[in-house]
Amino acid sequence: MLTLYHGLASTCSKKVRMCLSEKGLAWESHLLNLQKFEQHDPAYLKLNPKGVVPTLVHDGEAICESTHIIDYLEATFPDPSLSPGDDAGRTRMTEWEQWSDEVGYAAVYVPTWDKLSRPVAEKLSDQELEDVLERVPTEERRSRWQQVARGGFTDAELDGAYDKMWQTFDRMELALSDGIFLAGDELSLGDIAMVPFVERMTDLRPDITDTEAYPSVHAWLARLAERPSWQDTFFFGGMDARTSAVAKTVTS
Ligand SMILES: N[C@@H](CCC(=O)N[C@@H](CS)C(=O)NCC(=O)O)C(=O)O
């Protein structure tokens, strides 16, 4: 039995939804509303002590960290395979998984929190904010919630994120000149790890990403959008999970 605790708009949750869909696995959904701070619920913290999504529970075992989760799914449910058959391909796949965690995440979290979390957090009274912060289990996230609630991100922080979008698109354009997917000719966990971040970048900054400089990246994205797993990932349960759509519900 597989249960996923996830967030509708969350990029890290989308990695796991896409992987589950590509593998054709049945799973139970527990959707958490991150803007209502459901990720800090003490019962959820027993599964995910960092108070973030996603968490996969498989036969009672909780697995955290989106890349660990998709690696776990690949190891536990190897058919259909989402790993290249050769060592060099598998290394490329791992490099893209790591890029998604390090650069992809850093490229999108600042503008995403600015768009989705700041409008909610800045409305909290000082007492409400204190109550929220008291339940956040890590110092890293406590200071992030504090920052978006009172003042937001600096221009330098936003620019740093946009630079990482360029770096990502440049690096992907190069990688995709050799094959149709990031680790070779077949879809792999490398593509699954990257696609939520690339889709988010196109949504947040079409002016940076929708240029003629990146034909291979756009062709790759269009190929992924044709797969049935795209619907399960970005339109989960018929709900539009893209940032611009979710931002409207947050601010309404
Ligand atoms: N490295 C973690 C990052 C998880 C993460 O930051 N999740 C975000 C959503 S993409 C979250 O839960 N944000 C809510 C919060 O920090 O309060 C992973 O890949 O699973």
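A few notes on this one:
- Any hit, the range 75-90, residues being in contact (Cβ under 8 Å) with a residue 40 or more places away in the chain, of a type outside the set (S, T, N, Q) and under 18 Å from Thr3 (Cβ atoms): yes
- Condition met for Tyr72 (out of contact with any strand residue (DSSP E or B) (no Cβ under 6 Å at 6 or more places or on another chain) and either within 7 Å of the ligand (Cβ to nearest atom) or without any contact (Cβ under 8 Å) to a residue 60 or more places away in the chain (or both)): no
- Only one entry in Lys15, Lys50 is more than 27 Å from Leu133 (Cα to Cα), among the basic types (Lys, Arg) and outside the structural domain of Glu140 (by TED's automatic domain parsing), namely Lys15.
- Condition met for Glu186 (over 18 Å from the mean Cα position of the chain (by Cα), outside the structural domain of Asp71 (by TED's automatic domain parsing) and modelled with pLDDT of 95 or more): yes
- Against the list (1) assigned to a loop (DSSP other than H, G, I, E, B); (2) in contact with a Leu (Cβ under 8 Å, 6 or more places away or on another chain); (3) touching a residue at least 60 places away in the same chain (Cβ under 8 Å); (4) within 16 Å of the ligand (Cβ to nearest atom), the condition Val53 fails is (3).
- Annotation: Pro111 fulfils all but one of (1) more than 12 Å from the ligand (Cβ to nearest atom); (2) assigned to a loop (DSSP other than H, G, I, E, B); (3) touching a helix residue (DSSP H, G or I) at 6+ places or on another chain (Cβ under 9 Å); the unmet one is (2).
- Filtered residue count, the range 116-131, keeping only those that are among the small types (Gly, Ala, Ser), assigned to a helix (DSSP H, G or I) and farther than 16 Å from His40 by Cβ: 0
- Unmet criterion (only one of (1) surrounded by 14 or more Cβ atoms within 10 Å (Cβ to Cβ); (2) in contact (Cβ under 8 Å) with a residue 60 or more places away in the chain) for Gly237: (1)
- Residue in the range 1-26 that is nearest to the ligand (Cβ to nearest atom), counting only those that are over 21 Å from Glu199 (Cβ atoms) and not in a strand (DSSP E or B): Leu25
- In the range 56-86, the residues that are outside any strand (DSSP E or B), farther than 19 Å from Leu8 by Cβ and hydrophobic (A, V, I, L, M, F, W, C): Leu73, Ala75, Phe77, Leu82
The values are calculated or read from the model by the stated rules, or taken from the named source; none is laboratory data. What you see is a predicted model, and the numbers here were worked out from it, not measured in a lab. Quick reminder, even Gly has a Cβ in these numbers, built from the backbone with ideal geometry, and neighbours come from all protein chains shown.
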